[in-house]
Amino acid sequence: MNWSIGMQPDSTDWNIINRLSENYAPNSVVAREMGLSEGAIRQRIKKLQDAGILKIKALRNPEILENQQLALLGVNVAESKLLDQKAQEIAELEGVISVAIVSGRYDLIVEILVASNKGLIQFLTKTLSTIKGISKTETFVMLKTHNKWL
């Protein structure tokens, strides 16, 4: 494996990524399933992580999180040349799960997880309001999700 800037994962790397995306398993299990050594799997995972291609983290089921509110925000930015900058600023706010630059009615879609409705109000009025250059927001409270893990 010759890794350098701009290199793409090979088919074995994609098989590892896909396997871990389906359902996390220890390296020994992935190695056995793929017919590789545990060390080879561990080395490939580390290189994928170091290259910024793979991140492994624990996921939570939002349906069982008590006193938590999951929401999507449609956000419009006053100046389109600032989209990347505003997306990055928002991504760094506490409670933000993801930020996507999108086409259509909004410039950004922001996914957040906050503590209850009070947390949502605080996020909108105190946290998000610290970002200058936002011209409009619309909030979509997620009442129920299917196959959603955070």
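So the values come out like this:
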item: The stretch 65-89 residues that are over 15 Å from Val102 (Cβ atoms) and in contact (Cβ under 8 Å) with a residue 60 or more places away in the chain, paired with ones that are surrounded by 12 or more Cβ atoms within 10 Å (Cβ to Cβ) and of a type in the set (S, T, N, Q) (beta carbon under 9 Å, 6 or more apart); result: Gln69/Ser116; Gln69/Asn117; Leu70/Thr145; Ala71/Thr139
item: Residue list for the stretch 40-60, restricted to those being out of contact with any helix residue (DSSP H, G or I) (no Cβ under 8 Å at 6 or more places or on another chain) and surrounded by fewer than 14 Cβ atoms within 10 Å (Cβ to Cβ); result: Lys46, Gln49, Asp50, Gly52, Lys57, Ala58, Leu59, Arg60
item: Residue that is surrounded by the most Cβ atoms within 10 Å (Cβ to Cβ) [pool: residues in the stretch 28-38 that are of a type outside the set (D, E, K, R) and under 14 Å from Thr12 (Cβ atoms)]; result: Val30
item: Positions within the stretch 112-136 being buried (at least 18 other Cβ atoms within 10 Å of the Cβ) and within 18 Å of Asn76 (Cβ to Cβ), in sequence order; result: Ile112, Phe123, Leu128, Ile134
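No value in this document is a laboratory result; all are computed from the given coordinates. Remember, it's a predicted structure, so these values are computed and weren't measured experimentally. FYI the Cβ positions are ideal-geometry reconstructions off the backbone, even for glycines, and counts take in every protein chain you see.
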